[in-house]
Amino acid sequence: MRRDYVDPGYSPKATDLVCEFHIEPAAGIGFEEVSTHMAGESSIDSWTEISTLSPELAEKLKPHVFYLDEPSQTVRVAYSEELFELCSVPQVLSAVAGNIFSMKIVDNLRLQDIAFPASMLQEFRGPNFGLSGVREILGVEDRPLVGTIVKPKVGLTSELHAEVAYNAFAGGCDLVKDDENLTDQKFNRFEKRAELTLKGALKAEAETGERKLYLCNITAPTCGEMLRRLGVLKDLGASYAMIDIVPAGWTALQTLRDAAADAGLALHAHRCMHSAFTRDPRHGLSMLVVAKLCRLIGLDQLHIGTVVGKMHGEKDEVLALRDECVLEKVPADEGRHVLEQDWGGLKPMFPVASGGLAPTMIPELYRIFGKDVIMQFGGGIHAHPLGTKAGATACRQALEASMQGFSLEEYSKGRKELKAAVEKWA
Ligand code: CAP
Ligand code: MG
């Protein structure tokens, strides 16, 4: 192990990939020592002195721990772009989020953020549609989108699934999606569900005069099934596919990004399983890193949390995710562990707020997120006392009220769907 990685005088080059880590050394190990080992292990070094790399190359490729703050347990490391395969998310993760979490010399270690250099952004295409592309498909410019997840998650036949989806579309949903664990089960086969649900979307379009999009879950082993299902959706005339990003994995997402672009389909990213490694504030990696990788690869919309719903995620964290989805240039924010990122023209993703939402939360959601958000209600639509269609209508009415500055109580006068929602969930 070399000892000269700590270099507070170093100013990261435009070609460096910069990471911020939270580090808690094991008992008896110094902060600087652990930072040195971590930087070495994630790049050119090992646990003992090795001499296979020439001193000249080692000097050229060595990591620079240019920021080291023991009180806040924060370290920032600049890695030369030459250490990476610039178009491979798995390779980058194997380096800066690989062995380092297993080292005995750390009790806890968390990758807080990665700032990608322009050379890496150029290797990726980012979202094909992105926020504005999705708005264009729908023809909705000036309001948040309203979506639902067909409930229950699993158990409905394809016919029932399509019926619930149709009711949600007819009541006012712009988007209807499958749940994360619904793929191709005996009771609800992928092909049949896709065909029937897309038919229901067309029927609702004809009746309402609004575009209606069905986000069918194509999560499956990559080459055999996932891509075949994408093809099925394309042939059925769908505009969208949805994918469970963490169970499917980064290589699948990279493959899917290009295949979906060729097929002309937008991609909805469901993040189930992320909390297995993002939730602990002291260990693992942050949801911010996950979101940035999604934008880099090119998913069109991503779940980011709600602040007010059933899933964990403080307002600060959720808004940092929102900013990373939508801004062209993200400023550094030490308090939120956010590094500066210029997205170099990669399109914004549409943020999705979902999880335990009821129509009565729409005023607060609108205050938090503004108009560039997809508000997604599962139980909050299908458990409406008057049924799914009324649940969707109640959401649209609550949105109108919020955008026009009325209270829900006021606006629900003469609107039975909103009134019933207010009575149930206020
Ligand atoms: C929401 C949901 C989504 C979560 C995922 C569910 O349903 O379908 O998967 O939103 O969480 O299964 O819980 P409800 P997140 O509206 O009925 O709660 O968006 O935080 O990734
Ligand atoms: Mg779900």
Requested in this report: Kindly provide the set of residues from segment 299-330 that are in a loop (DSSP other than H, G, I, E, B) and either farther than 14 Å from residue 288 by Cβ or modelled with pLDDT under 95 (or both), ordered by number.
Outcome: 299, 300, 306, 307, 308, 309, 310, 311, 312, 328
Query raised in the report: Within segment 373-380, is there a residue that is open to solvent by 10 Å² or more (accessible area, probe 1.4 Å), away from ligand 1 (no atom under 16 Å from the Cβ) and touching a residue at least 12 places away in the same chain (Cβ under 8 Å)?
Result: no
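For (1) open to solvent by 10 Å² or more (accessible area, probe 1.4 Å); (2) more than 13 Å from ligand 1 (Cβ to nearest atom), each residue gets a yes or a no:
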position	(1), (2)
312	yes, no
315	yes, yes
321	no, no
339	yes, yes
342	yes, yes
352	no, no
368	yes, yes
Requested in this report: Working only within segment 144-166, note down all residues that are more than 24 Å from the chain's Cα centre (by Cα), within 16 Å of ligand 1 (Cβ to nearest atom) and open to solvent by 10 Å² or more (accessible area, probe 1.4 Å).
Outcome: 155, 156, 164
Requested in this report: Residue by residue through segment 354-366, note down the ones that are away from ligand 2 (no atom under 16 Å from the Cβ) and open to solvent by 10 Å² or more (accessible area, probe 1.4 Å).
Outcome: 360, 361, 363, 364, 366
Report task. Please identify the pairs in which a residue from segment 112-136 that is at positive phi has its Cβ atom under 8 Å from the Cβ atom of a residue that is in a strand (DSSP E or B) and of a type outside the set (Val, Ile, Thr), counting only partners at least 6 apart or on another chain. Result -> 130/350
Query raised in the report: What do you reckon, is residue 141 open to solvent by 30 Å² or more (accessible area, probe 1.4 Å), within 25 Å of the chain's Cα centre (by Cα) and either in the same structural domain as residue 400 (by TED's automatic domain parsing) or under 22 Å from residue 7 (Cβ atoms) (or both)?
Result: yes
Query raised in the report: Looking at segment 225-241, is at least one residue closer than 25 Å to residue 93 by Cα, assigned by TED's automatic domain parsing to the domain that holds residue 305, open to solvent by 40 Å² or more (accessible area, probe 1.4 Å) and in contact (Cβ under 8 Å) with a residue 24 or more places away in the chain?
Result: yes
Query raised in the report: Would you call residue 290 over 17 Å from the mean Cα position of the chain (by Cα) and within 14 Å of ligand 1 (Cβ to nearest atom)?
Result: no
Query - Scan of segment 48-69 for residues that are modelled with pLDDT under 95 and within 13 Å of residue 3 (Cβ to Cβ), ordered by number - result: 48, 49, 58
Report task. State yes or no: is residue 199 in the same structural domain as residue 253 (by TED's automatic domain parsing), closer than 14 Å to residue 265 by Cβ and either surrounded by fewer than 19 Cβ atoms within 10 Å (Cβ to Cβ) or of a type outside the set (Gly, Ala, Ser) (or both)? Result -> no
Query raised in the report: How many residues are within 16 Å of ligand 2 (Cβ to nearest atom) and touching a Leu at 6+ places or on another chain (Cβ under 8 Å) if we restrict to segment 274-301?
Result: 1
Query raised in the report: So which pairs qualify, if the first residue must be in segment 145-161 and in contact (Cβ under 8 Å) with a residue 24 or more places away in the chain, the second must be within 12 Å of ligand 1 (Cβ to nearest atom) and hydroxyl-bearing (Ser, Thr, Tyr), the Cβ gap must be under 8 Å, and the two must be at least 6 apart or on different chains?
Result: 147/354; 149/354
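The values are calculated or read from the model by the stated rules, or taken from the named source; none is laboratory data. None of the values given here were measured: they were computed from a predicted structure. Note that we place each Cβ from the backbone using ideal geometry, even for glycine, and neighbour counts take in every protein chain shown. Just the protein is used for accessible areas: all its heavy atoms, side chains included, with ligands, DNA and RNA removed. Shrake-Rupley method; radii C 1.70, N 1.55, O 1.52, S 1.80 Å.
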